1. From the cross-link list 703/798; 498/518; 524/699; 703/806; 703/774, which pairs have alpha carbons spaced over 26 Å apart?
2. Rank by packing, highest mean first: peptides 761-767, 435-441, with packing defined as the count of other Cβ atoms within 10 Å averaged across residues.
3. Show me, for segment 600-606, the HN-Hα J-couplings you get by feeding each phi into the Karplus relation (A = 6.51, B = -1.76, C = 1.60, θ = phi - 60°), rounded to Hz, glycine and proline as x.
4. Sort 919, 743 so the one with the fewest other Cβ atoms within 10 Å of its own Cβ comes first.
5. Taking θ = phi - 60°, what integer Hz values does the Karplus form 6.51 cos²θ - 1.76 cosθ + 1.60 yield along segment 497-508, in sequence order, with x for Gly and Pro?
6. Output wanted: per-residue J couplings in Hz (rounded whole) for segment 478-487, from phi through Karplus 6.51 cos²θ - 1.76 cosθ + 1.60, θ = phi - 60°, x for Gly and Pro.
7. Evaluate the distance, in nm, between pseudo-label points positioned 7 Å from the Cα of residue 545 and of residue 193 along their respective Cα→Cβ axes.
8. Could you sort 854-860, 875-881 so that the peptide with the highest average Cβ count within 10 Å comes first and the rest follow in order?
Amino acid sequence: MQGFGGNDNLQSIIASVQNDIKNLRTQLENIPPFPKDQRPPSPLAKFQNNLEKIEFTLNQNKGMGSFKGTTRANSSGTGFNQSNDYKLPDINQGSMQSMYSDSKKFNIGAVSKPVKALVKESKISQILGDPENQCGHDYLRKKYALPKPNQVKYGRAQGAMSNHDLERLGAGTIKGKKVTQPKRILPKNFRDDPFADPPPITEDDISDGMFSLLNRGIIPRDVDLSPAFERGNAPFMFQKAQLFSKPQYLPLSQKQVSAPPAAIKYQRNEDQNMQNTNTFLTALGNNQIIQQSTLNQNKQMTLNKTNSKTNVEQIEDHNYQVALRQEDQIIERKRIDLDEYNLQGEMDDDQVSNAGMGAYPGLRSMLDQYTFVIKKGKVLEQSHEFIQFKRANITKWGAIQFIVQQLERFLGQYNVPFANIDTKKVLYFSDQEFDNLNDDDLLSCISNRQQVWEAIKNPKQKFKGPYGPVLAAINIQKNWRRYKAYSAYSQLKFLMEKATIIQRKFRLYQLKKSTKNKIKELNKESIAVWREMQDEFKRRWGDIKKQKRVEIHINSYSITEMQRMSIEKFKQKENAQIARIFSVKDPNVDVIYVSPFTLTNDVYKYYLKILELVEIENPEKRFNIIVPENYVKFPQHFSVSQALLYSPKALKRIQSLIKGKQAYVVPGIVNDYDVKLSIQLAVPILCGEPEKTNLYSTKSGAKRIFQQADVPTPISAYDIYDRNEFDVSLARLIAHNLFVNTWIFKIDDEMNGRGHASLNVETIKTIIELRKKKVEMTESIIEKLLEVLRKVLPKKVKIAQPTLFKNWDEYIEHFCRIGGVIEATPMCPPNSLASPSIAFFLEPDGNVELIGSFDKFAAKEYNNAGCFFPQTSLPQMNLMTISKAIGEVLYEKGVIGHVTVDLVSFPDPTNPKAHPLFWAVDINCSLSDYATICLFFDILMEGRLDPQTGEYSIEVIKDPDDIGDREFDEKKPNNFFEQRNFMFCRFLHHPGLATIQYKTFFHMCRLESISFDMEKRSGSTFVLYDCLQSGVIAMLTIGVHRKVSVNHMVDALNFIQNQAGVIPQRALMDDVRVDEVAIGDVIQRVRLINRAFEKKSKKTIKGDKISFMSEII
């Protein structure tokens, strides 16, 4: 080989480099000094250090190069040529200059590197430039301690990216909105008309493909598609699938270089087989450095081929040095980019054009030949790229120029300093012949759109263009008009909302009003039809009661909601008149009984067995029990009428049972729901109009009936609805009736003593003094008495149900809201008072039929617990006389059906031995529990009732061994009719009954002789309202005399107490209001009555005369 003989040339090259370094030092010295408190920039300090290193390296290379050159020359002259000699390749002067220029090109502003280092960097760059090269991946991971990519999650194609970069790019994240838009569907007129012409096809439809066109129906299914596949490219092409779009030019990662918008980043083409190094097109203002950067492509390719034989293992030996050099290069490139960005504004268009492409023929291969530049809204028309682009597309320059003008206006509006235009996009839009492009289309024509977008989204840039003042004025006007329009719109919206609310409310009011009027009209029509049906029922009653008929019994407590909620065991009390089923004793009557809840099989068989024992034919067909199917869906305090009205299946069942038969409803406490049921079932109801019936069932309404019937009533005041009126009325009654010791207050709509309260005036000092003085009552005395009463009433009044009304204030408030009466009690001892009642049936034709009479007894004062049948407190009274007198007045008022009249009897104060006196105190215009139990008693006895005296007798065959009969019938041995009496306790609630099984309970009754003798027609029987688990039961005891009935009752109550256990004390909450009557009070009262009868028997044996009133406690 030829020795290195160009030593002088090499020395000249090194000298020229040293001259360049001196020039750079001169420029650095001309830089103004920095203040003391400000440090020089790190790139500048780094550059100074690099210059010192270059000088030191050149000095070393210069000495070594001359020594080696001399040695090799001597060796060549002596013929000494060993394999271990240090030989250099044959390089001529031109190749050496090319190598030097290449080294400067690749290290602009940096140190020149040895050839070996350049080869290594070239190899590393070549490996790192290929994203599919696994060696490059391993090198980067080892150098920067990067984790391996999650290939399971992100796939193989992203192997060169870290998980952090993938997550930053959005991999594995859920988009907040749709990333695709639905395709255009076939218009409705084409879908509805199969014979219509095919719809027009847009470019977007064509781009979606033939399958999409067919699937959406845009192309009819019966069209021949052959011509579509014959023209243009083939419908299917065979080629290698591209998994991802690999860009031709890969810019530096944003993580490596953060360049300003004006910087343009390029990368060498891989086809040139050059090192893959990022370079920046810069303008430093030094023409000498720019001119010395000329590129020689062919020589560099030869150098790359020579250096490509370097082993990859040598790269790993110098990983650390290469990494440091790359970091130095990155820092230097950042500095150059910043300098270029700052100097771009100072260069004119010609300088940019010359510096852009003309001065660098060697760099032209690295730049995209399909781009041109728009600076500050103007195209650089003198640039080589633009001229070449215009020359290549001169045939369609009109359309292209139109798009370029739009780009100029768009970029000039935002005063974008630098924009690189993609000519491919411009050509694409020029071929489409769009009139105007939107902002998105224009942005798609810009290669550095990210940097342009950052400038566009800055609101300050919008008004720095040539039309900035005009746009600013327009924007001010626009915002002012928007503000005024929005203010007017907000005010109008506010007014419209308020007007809408007013209109809505007014329309709702009108709708409610019209709906109420329609309901009233419908109700009037329904009531008119119902009244005609009722009148027809009254006219035909004489024939109806002689023929077969169906009675629909509905024992509904149709009272106020607060009353229903305060009734203990409300459902069981509604079912307390289950004895109505015994109306089947009449062979012409079939019964439909509406139960408030589903009866257990044991209860149903219990009553069915009773009907079988009294020899009722086909009892299971004679009565039917109907349960409203929706009663479980409603609150517990809903009445039976309400539940039945909203239970269509039960109504249909009743309609099917009465179809083709004469039927009528026998109600309980009637109200509008019962009338609606009557209308719904199209059958009459056995009562008058609800308003009249409920009016005369009140305490105040009953007073008017008694006055018209000339029935004696106590001293009273009624229709009181005010607190002051109550106080004044009470003061006047006391003042004019000082002899009365106790006054009773009664709320109009209450029953069974629930609304009673009493005042004993014997302990009031003012009244005691007035009784002693016996002065004439004046207004001043009444006023003084009124003041005294207002003070003592809260302390002296005794409320009958303290669990309903906690104190006097609550009671008087409810009293005045509902209304009530004030009554005087008779002047006699409490044990001489009795409470007889008369129950009769006021037929629709006006006839009165007596059902029975009772003497009621109370568990506590004014709290009814049961009754005796028949009444004996008015022995010589004709019950039919008083019943007809009251019945005639009620019939004139339009009231029919069942009526119960409550009386109070007391001895005559003038003659205690005379017939006792009575007062009528209350009327109940419905079938009561005591009247219903007479049906049970009657079907068991099968006797007859004396309508004059109210006594009940049965025909029996005398048994001489019957001691009981001999005791009571020895005076009339030939009498074959024997009286029967019963004692009834209507509600016994013992929680211990819930623990006893049904069969066990009645088995123990037989063992304890708690039973009813069907032959003797006497004994004890139970009235089951519900299963034993409810803890509620009623007792009916029957005997030839009241004393026998009481004995049976005592035995039965003792049996119940023994079986159920000790009565637990019930703790009531303060806000709970119930009308509880404790079973312990009932048992105690029954035992007191039994002791009274025992005392009477002893006195009778001694011959003492006993008043008939002593039998009543």
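1. 498/518; 524/699; 703/806; 703/774
2. Per-residue Cβ counts within 10 Å, averaged per peptide and sorted highest first, yield 761-767, 435-441.
3. After applying 6.51 cos²θ - 1.76 cosθ + 1.60, I find 6, 5, 5, 5, 5, 5, 4 Hz.
4. So the residues, fewest neighbours to most, are 919, 743.
5. Values per residue, Gly and Pro as x: 4, 5, 5, 5, 5, 4, 4, 4, 5, 5, 5, 5 Hz.
6. Taking θ as phi minus 60°, the curve returns 4, 5, 5, 5, 4, 4, 5, 5, 5, 5 Hz for segment 478-487.
7. So the two model labels end up 8.0 nm from each other.
8. Result, highest mean Cβ count within 10 Å first: 854-860, 875-881.
Values quoted throughout were computed directly from the atomic coordinates according to the rules given, and no laboratory measurement underlies them. Because the structure is predicted, anything quoted here is derived from the model rather than measured. Virtual Cβ from ideal backbone geometry, glycine too; neighbours counted across all protein chains shown.
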